[in-house]
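See below for the structure under consideration.
The values are calculated or read from the model by the stated rules, or taken from the named source; none is laboratory data. Just so we're clear, the structure is a prediction, and the values are computed from it rather than from any experiment. Cβ placement follows ideal geometry from the backbone for every residue including glycine, while neighbour counts extend to all protein chains displayed.
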Amino acid sequence: MIEFEHVSKSYGKSPILRDLSFTVPDGRFLVLIGPSGCGKTTTLKMINRLIEPDSGRVLINGDDAAKMDPVELRRHIGYVIQQIGLFPNMTVAQNITVVPRLMKTGHAECERIARELLEMVNLPYDQYAEKYPNELSGGQQQRIGVLRALAASPPVVLMDEPFGALDPMTREALQDEVKKLQKKLHKTIVFVTHDMGEALRLADNILFMEGGRIVQMAPPEEMLEHPASDLVRSFLGRQTAQEDAPILAGEFMKTNAYRVSMDRGVLECAALMARSGVDTLLVTDEDDKYLGVVTIKSIRLYGRNLSSIVPLITKDPHTVRVDEDARESMDYLLNSNDNYVVVLNPDDTIAGIITKNSMAHVVASALWGEAAES
Ligand SMILES: Nc1ncnc2c1ncn2[C@@H]1O[C@H](COP(=O)(O)OP(=O)(O)O)[C@@H](O)[C@H]1O
Ligand SMILES: [Mg+2]
């Protein structure tokens, strides 16, 4: 069990932590979250005495950390940071077993530890044990860093934004693995992040800090239901906003719409329509910006004696921007007789068109996984 009792810390005249009190029971996962500079890292580093409190106490299993030998203390506390710093001249297996080897654990036992841990994160021992860090991806290196922190079998593991530098997919995979390892090995984990999604996924308890104070400490569901302040709510809100991603016009369009430059001749356009089996062409100016459309109908009606298509260009089709809500295009197509809307980039160049067909195909593939091409 980790206990903070009225812990305060200042640098010069700036208070950094103000009267912090909280408890992490054994085997629980606590996530520290809050805006940058609120004191998360400082709090974490007090647990392994990389930073000492000015006043108050940090107790580990009831004993004052300040009275323990720091080296001895850190042997029982794993530590994972973003710049994981694997030893480049050691193999994966050697990296994982650094601490056990320092503690003179036998060769066979070290191999057993490395094998067991690697298998737990789906990196087969026979394939990975002898590799060097520079042969691994960033996500794999970070996995090895986590395993290294676990290899000495510490009851407590501290993690300071360990996955901050990874892409979202790898990060989620590692979050799952850490959560599984923690449950399986019954570790007490204190984990720092500024990503509420990560906090909600991992935590038994979330401790939200602002300006060196605790704003709220609660399990994820409770924080979601009763955020203690507007700042907490905004952290949670950003999270819901991320999960409820906007539906953008750009995601529903076809980009292969037929287009011509305004200096093309009428006959040439008619021939292109005939060849490609379309009744409309999108027209652009000399800067590639969208001007309007010419249709086979207007060519038939007025175009025979013209050489240039310019007099035939109309702005009839409905236009939307790539970053506009696709639901409006959907409404428009369902409620008008038009067969398509034109999608424009911010600089007025053509991004594509949305047709009833292209919309239906995207919806179908999202719902049923059909990757039908129109
Ligand atoms: N050695 C230091 N000297 C002075 N100020 C520091 C020092 N370390 C951290 N701080 C300040 O303490 C505050 C909290 O830092 P930190 O715990 O790293 O925040 P967080 O991890 O939440 O982003 C910040 O305002 C930071 O600038
Ligand atoms: Mg920090």
Being surrounded by fewer than 18 Cβ atoms within 10 Å (Cβ to Cβ) and either closer than 20 Å to residue 175 by Cα or more than 15 Å from ligand 1 (Cβ to nearest atom) (or both) is the filter here, so list the residues in the range 23-40 that pass it. 23, 25, 26, 27
Give the residue that is farthest from ligand 2 (Cβ to nearest atom), with candidates limited to residues of the range 19-38 that are of a type in the set (D, E, K, R) and assigned to a loop (DSSP other than H, G, I, E, B). 26
Meets criteria (part of a loop (DSSP other than H, G, I, E, B), of a type in the set (Val, Ile, Thr) and in contact with a strand residue (DSSP E or B) (Cβ under 8 Å, 6 or more places away or on another chain)) for residue 16: no
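Looking at residue 165, is it surrounded by fewer than 18 Cβ atoms within 10 Å (Cβ to Cβ), within 16 Å of ligand 1 (Cβ to nearest atom) and at pLDDT below 85?
Details: surrounded by fewer than 18 Cβ atoms within 10 Å (Cβ to Cβ): yes; within 16 Å of ligand 1 (Cβ to nearest atom): yes; at pLDDT below 85: yes.
Yes; evaluated as a whole, the condition is true for this residue.
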Candidate set: the range 189-242, residues that are within 16 Å of ligand 2 (Cβ to nearest atom) and assigned to a loop (DSSP other than H, G, I, E, B); chosen: the one nearest to residue 155 (Cα to Cα): 193
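Condition check ((1) away from ligand 2 (no atom under 16 Å from the Cβ); (2) more than 22 Å from residue 128 (Cα to Cα); (3) at pLDDT 90 or above) across all residues:
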site: 47; (1), (2), (3): no, yes, yes
site: 51; (1), (2), (3): no, yes, yes
site: 71; (1), (2), (3): yes, yes, no
site: 77; (1), (2), (3): yes, yes, yes
site: 87; (1), (2), (3): yes, no, no
site: 90; (1), (2), (3): yes, no, yes
site: 95; (1), (2), (3): yes, no, yes
site: 100; (1), (2), (3): yes, no, no
site: 110; (1), (2), (3): yes, no, yes
Take the residues in the range 1-22 that are within 11 Å of ligand 1 (Cβ to nearest atom) and in contact (Cβ under 8 Å) with a residue 24 or more places away in the chain, then tell me which one is farthest from residue 154 (Cα to Cα). 15
Could you look through the range 53-65, keep only residues that are more than 19 Å from residue 16 (Cα to Cα) and not in a loop (DSSP other than H, G, I, E, B), and pick out the one that is farthest from ligand 2 (Cβ to nearest atom)? 63
In the range 58-73, how many are closer than 18 Å to residue 158 by Cα and touching a residue at least 40 places away in the same chain (Cβ under 8 Å)? 4
Filter result for residue 49 (in a loop (DSSP other than H, G, I, E, B) and more than 8 Å from ligand 1 (Cβ to nearest atom)): yes
